[in-house]
Number of protein chains: 2
Amino acid sequence: MHSPELLKGTLQTIVLKVLKDHGRMYGYEITQRVKELSDDRILLTEGALYPALHKLEAEGMLKTETENIGKRVRKYYSLTPQGRSLVKERVNEFMEFIRTMGNVLQVNLG
Amino acid sequence: MHSPELLKGTLQTIVLKVLKDHGRMYGYEITQRVKELSDDRILLTEGALYPALHKLEAEGMLKTETENIGKRVRKYYSLTPQGRSLVKERVNEFMEFIRTMGNVLQVNLG
DNA sequence: AACAATACATAAGTGAATTATGTATATAAG
DNA sequence: CTTATATACATAATTCACTTATGTATTGTT
């Protein structure tokens with residue numbers, strides 16, 4: 001696992017980008033996908049993920065559809081057009097941040 | 001300026017690496033150097049910097065020398081051998097984090 | 001004379017996260 | 001069969017690194 005400090009501020013970016021790349025997903029699925037993509041290095045906690053999803057939905061960035069799987073309920077999230085813009089913004093912001101950090105730390109990233 | 005959320009957790013890494021690259025520096029000098037290296041994108045606040053320096057000193061990562069410049073006092077910080085190890089650790093940690101984020105976000109960083 | 005820059009320091013407040021707790025179904029193992 | 005693990009959601013309490021605010025004082029600029 002990563003020193004979790006560095007992860008701060010990246011949750012929204014991660015959630016949005018994963019949703020963009022994989023389309024319609026439910027919360028638990030997002031945690032598993034991120035775990036897989038990060039080779040077990042990023043383990044999203046439910047206490048962080050669900051509030052983040054609710055917030056993005058309230059802001060109109062995500063829309064939801066509820067599905068019954070057996071007796072269980074699944075809540076699928078997908079990007080709205082607004083959400084699609086936000087992904088680009090957030091990813092660009094992150095890449096810009098990395099470029100800056102590369103200069104400050106004088107290291108070659110990527 | 002960057003969305004400051006992303007900066008969280010990078011302060012120690014920045015301070016240590018800048019001290020490694022430039023040797024003996026005082027607090028205000030560090031803020032100016034980082035501002036310059038980041039092209040005005042990272043502006044360290046005193047409220048964050050000074051406590052961070054004090055903590056690193058208390059942990060034996062930095063040592064200090066006080067100098068009188070006119071009637072003003074300057075506190076110069078430099079890395080201890082332990083501090084030198086920590087820099088490598090922190091920078092490696094950051095690069096590893098970037099690599100992971102590259103995989104999760106499916107983008108080419110650097 | 002007034003303002004900005006230099007130079008340190010610490011206390012109060014914020015907010016995104018962790019940790020803890022709760023509910024419930026499905027499946028594998030023993 | 002019953003216990004543990006995985007699936008699936010949700011929210012409240014707490015933490016802690018940071019921002020913001022405040023304080024002191026010297027030096028350089030307009």
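Check whether at least one residue in segment A:3-17 is among the acidic types (Asp, Glu) and either more than 11 Å from chain B (Cβ to nearest Cβ) or more than 10 Å from DNA strand D (Cβ to nearest atom) (or both), and report yes or no. No, segment A:3-17 contains no residue that is among the acidic types (Asp, Glu) and either more than 11 Å from chain B (Cβ to nearest Cβ) or more than 10 Å from DNA strand D (Cβ to nearest atom) (or both). Could you go through segment A:33-53 and let me know if any residue there is closer than 24 Å to B:GLY102 by Cβ, in contact with a Gly (Cβ under 9 Å, 6 or more places away or on another chain), more than 12 Å from DNA strand D (Cβ to nearest atom) and of a type in the set (D, E, K, R). Taking every residue of segment A:33-53 in turn, none turns out to be closer than 24 Å to B:GLY102 by Cβ, in contact with a Gly (Cβ under 9 Å, 6 or more places away or on another chain), more than 12 Å from DNA strand D (Cβ to nearest atom) and of a type in the set (D, E, K, R). Just one residue in the set B:THR64, B:THR80 is surrounded by 13 or more Cβ atoms within 10 Å (Cβ to Cβ), in contact with a helix residue (DSSP H, G or I) (Cβ under 8 Å, 6 or more places away or on another chain) and away from chain A (no Cβ under 14 Å); that residue is B:THR64.
A:ASP21 meets the conditions (1) within 23 Å of B:THR100 (Cα to Cα); (2) within 12 Å of DNA strand D (Cβ to nearest atom); (3) open to solvent by 40 Å² or more (accessible area, probe 1.4 Å); (4) not hydroxyl-bearing (Ser, Thr, Tyr) in every case but one. The failed one is (2). Assess whether B:GLY70 counts as being within 15 Å of DNA strand D (Cβ to nearest atom), at positive phi and either of a type in the set (A, V, I, L, M) or more than 14 Å from every other protein chain (Cβ to nearest Cβ) (or both). Spelling it out, B:GLY70 is indeed within 15 Å of DNA strand D (Cβ to nearest atom), at positive phi and either of a type in the set (A, V, I, L, M) or more than 14 Å from every other protein chain (Cβ to nearest Cβ) (or both). On the basis of being in contact with a Lys or Arg (Cβ under 8 Å, 6 or more places away or on another chain) and more than 10 Å from chain A (Cβ to nearest Cβ), does B:TYR26 make the cut? In short, yes. The residue pairs whose first member lies in segment A:85-110 and is in contact (Cβ under 8 Å) with a residue 24 or more places away in the chain, whose second member is open to solvent by 70 Å² or more (accessible area, probe 1.4 Å), and whose beta carbons are closer than 7 Å, counting only pairs six or more residues apart or on different chains, are A:VAL87/A:LYS20. Among the residues of this structure, A:SER85 does not count as one that is within 12 Å of another protein chain (Cβ to nearest Cβ) and hydroxyl-bearing (Ser, Thr, Tyr).
The values are calculated or read from the model by the stated rules, or taken from the named source; none is laboratory data. Keep in mind that what you see is a predicted model, and the values were worked out from it rather than measured. Cβ: placed from backbone, ideal geometry, glycine included. Neighbour counts: every protein chain shown. For accessibility, only protein heavy atoms count, side chains too; no ligands or nucleic acids. Shrake-Rupley method; radii C 1.70, N 1.55, O 1.52, S 1.80 Å.
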